[in-house]
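Below you'll find the structure, written out as structure tokens, and then a few comments.
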Amino acid sequence: MKADPSEPEYSMSCDLLATEGYGEIIGGGQREENLDTVLHKLKEHKLSPEAFQWYLDLRRYGSFPHAGFGLGIEKNSVLDLW
């Protein structure tokens with residue numbers, strides 16, 4: 001998720017949580033469109049850029065500011081929209 005420009009310790013995202021053990025119903029946020037930022041975060045979290053080439057290519061060849069969300073009461077969302 002994209003970091004909040006005014007408070008970088010927070011992300012531009014939100015969750016809707018249900019009570020009584022149902023957990024997250026909706027999770028969404030703004031995606032990071034800057035390739036250099038994504039590469040820095042991969043390195044920071046010790047993740048292999050090779051495993052994310054498809055995602056990096058999306059950023060490399062013309063990404064734009066956008067957001068998305070997932071909807072569902074199970075861990076594997078019943079609906080995932082970009």
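The values are calculated or read from the model by the stated rules, or taken from the named source; none is laboratory data. This structure is a prediction, so every number in the text was calculated from the model and none was measured. Glycine gets a Cβ as well: all are built from the backbone with ideal geometry, and neighbour counts include every protein chain shown.
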Criterion first (within 15 Å of the chain's Cα centre (by Cα), of a type in the set (Phe, Trp, Tyr) and modelled with pLDDT of 90 or more) does TYR61 satisfy it?
no
Selection from region 41-70 of residues within 18 Å of GLY28 (Cβ to Cβ) and of a type in the set (S, T, N, Q) yields SER63
Let me spell it out: the conditions are (1) surrounded by 11 or more Cβ atoms within 10 Å (Cβ to Cβ); (2) modelled with pLDDT of 95 or more, and GLU24 meets all of them except one. Which number is the exception?
(2)
So in region 5-30, with the set limited to residues that are under 13 Å from the mean Cα position of the chain (by Cα) and free of Cβ contacts under 8 Å to residues at least 40 places away in the same chain, which one is farthest from PRO65 (Cα to Cα)?
ASP15
Of the residues in region 26-36 that are of a type in the set (Asp, Glu) and not in a helix (DSSP H, G or I), the one that is farthest from SER11 (Cα to Cα) is GLU33
Among the residues of region 37-58, count how many are farther than 17 Å from SER11 by Cα and not hydrophobic (A, V, I, L, M, F, W, C).
8
Among residues belonging to region 32-58 that are among the charged types (D, E, K, R) and farther than 13 Å from LYS2 by Cα, point out the one that is surrounded by the fewest Cβ atoms within 10 Å (Cβ to Cβ).
LYS46
